[in-house]
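Single-structure report; data block below.
The values are calculated or read from the model by the stated rules, or taken from the named source; none is laboratory data. Fair warning: this is a prediction, and the values are worked out from it, not measured in the lab. Reconstructed Cβ throughout: ideal geometry from the backbone, glycine too, with neighbour counts over all protein chains shown. To get the accessible areas, we keep the full protein, side chains included, count just its heavy atoms, and leave off ligands, DNA and RNA. Shrake-Rupley method; radii C 1.70, N 1.55, O 1.52, S 1.80 Å.
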Amino acid sequence: LGNEGAAGLGYPDMGELWRGGYDMTPAELETETERLWQQVKPMYDELHCYARARLADTYGKDKVDPKGLIPAHVTGNMWAQSWEGLYPMLEPHPGAVSLDVTRAMEEGGWDPMKIAHTGEDFFTSMGLDPMPETFWERSMFEQPEDKEVVCHASAWDVELADDQRVKMCIRPTLDDLVTMHHELGHNYYNHYHTDLPILLQGGAHDGFHEAIGDAIALSITPGYLNQLGLIDAVEETPEAVLNKQMLDALQKISFLPFGRMIDQWRWDVFSGEVAPEDWNDHWWKLRAEYQGIGAPVDRPADAFDPGAKFHIPANTPYLRYFLAAILQFQMHEAMCAAAGHEGPLHTCSVYGSRAAGEKMEAVLSLGASKPWPDALESITGTREMDAGPMLAYF
Ligand code: X8Z
Ligand code: ZN
């Protein structure tokens, strides 16, 4: 059905339509995606190598092959898309620094409203507007008890008239604190491009929309967490730094091949290159090729495992998250430079920096009114997506 709609708009299939939104040809976008993936792949390979070795030590070589695929179910994430659940096992220097923010949040009474207000406070500390009053009245911050809802977090601009809302089932975890910033990133983009003509209300490309809140959340450093009272004062020992870098890697680096493969699979499905009877096998082939992840058990012929990932039944394109994973470090680096940060990138928090806020506002206000390289240039000074800052961060 999607392909029929795409054909009506003059595209060969829905994959080409999706790849058509990046100010370049669909084919160029494929090349660009592969270029970025090759830039970060060596870093992912190292993380994968370390993880599978430690997993093999823990569970035994008969369960995890130290030279093979990591079984999907041991990562602590339903889709093996990020591996922070493995942190306690992979912590390089056990006990060198306590990063158990989730426990502190549970004990410190971090309810959904406190998490939402902490998120907004970050943006306003940079001189950005507060969210409209209606945001607080009309959002869903908690899982309701009296009805079923889709808990996958989302941000909404109802009627494109600055009626900003989030729909989340916020729990007191570091993960949800970060996701709160992610969603607010969408709301802030919407808010700042609200005066543009409707066709120009959007991100410079969809990866920009996904990157804004994450770029802000990269400033949730140990120093900032300490300011929030969520961890003890941190000493920057090499061991403590390495532990924090491992936690970051398990969230950010582990995600890269997942972000890359989801739409590779859909591009192949929509183009008809893979027949319906091979859809599930192709899924696991790409999981192995990109992520080095294997199915926990043999999959039956009639399985449809992609259907378990929200964005597949929701028909939400996914390449945006791969691009955002890289772009957010470019934005972070640029905001840190504006804020006058000195020292390694991973120690930078732009909390309270108006100069960084101005950089951010410049991109947000452009919406989709200029080709994305112009928007990127306005914040970073470069017109190319580049994993350099991500590599520098790690
Ligand atoms: O779907 C999301 C956001 C909503 S746009 C919560 N994300 C992807 C996912 O959960 O799979 C954010 C990171 C990747
Ligand atoms: Zn998002």
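Would it be correct to say that Y224 is in contact with a Ser or Thr (Cβ under 7 Å, 6 or more places away or on another chain) and either part of a helix (DSSP H, G or I) or at pLDDT 95 or above (or both)? Taking the combined requirement at face value, the residue satisfies it. Within region 223-244, being of a type in the set (S, T, N, Q) and open to solvent by less than 30 Å² (accessible area, probe 1.4 Å) holds for one residue alone: N243.
You will find that of W136, W156, W110, the residue that is more than 21 Å from P172 (Cα to Cα) and either within 16 Å of ligand 2 (Cβ to nearest atom) or not hydroxyl-bearing (S, T, Y) (or both) is W156 and no other.
The residue of region 252-270 that is farthest from G76 (Cα to Cα), among those that are of a type outside the set (V, I, T) and either away from ligand 1 (no atom under 15 Å from the Cβ) or not in a helix (DSSP H, G or I) (or both), is F270. Of everything in region 64-96 that is in contact with a Lys or Arg (Cβ under 7 Å, 6 or more places away or on another chain) and open to solvent by 20 Å² or more (accessible area, probe 1.4 Å), the residue that is nearest to ligand 2 (Cβ to nearest atom) is W79.
Only residues that are within 13 Å of ligand 2 (Cβ to nearest atom) and in contact with a Phe, Trp or Tyr (Cβ under 8 Å, 6 or more places away or on another chain): list them for region 175-214, please. Residues satisfying the conditions are H181, L184, N187, Y188, Y189, G203, G207, F208, H209, E210, I212, G213. Tallying residues that are open to solvent by 10 Å² or more (accessible area, probe 1.4 Å) and of a type outside the set (A, V, I, L, M, F, W, C) within region 184-209 yields 12. Would you call G207 part of a helix (DSSP H, G or I), of a type outside the set (A, V, I, L, M), under 17 Å from the mean Cα position of the chain (by Cα) and under 19 Å from P132 (Cβ atoms)? Against the criterion (part of a helix (DSSP H, G or I), of a type outside the set (A, V, I, L, M), under 17 Å from the mean Cα position of the chain (by Cα) and under 19 Å from P132 (Cβ atoms)), G207 does not qualify.
For region 142-184, the set of residues classified as charged (D, E, K, R) and closer than 23 Å to V350 by Cβ consists of D175, D176, E183, listed by residue number. On the given criteria, is A324 away from ligand 2 (no atom under 16 Å from the Cβ) and in contact (Cβ under 8 Å) with a residue 12 or more places away in the chain? No. In region 345-377, the residue that is farthest from A217 (Cα to Cα) out of those that are surrounded by fewer than 17 Cβ atoms within 10 Å (Cβ to Cβ) and free of Cβ contacts under 8 Å to residues at least 40 places away in the same chain is E377. If the condition is being modelled with pLDDT of 95 or more and among the small types (G, A, S), then region 52-79 contributes A53, A56, G60, G68, A72.
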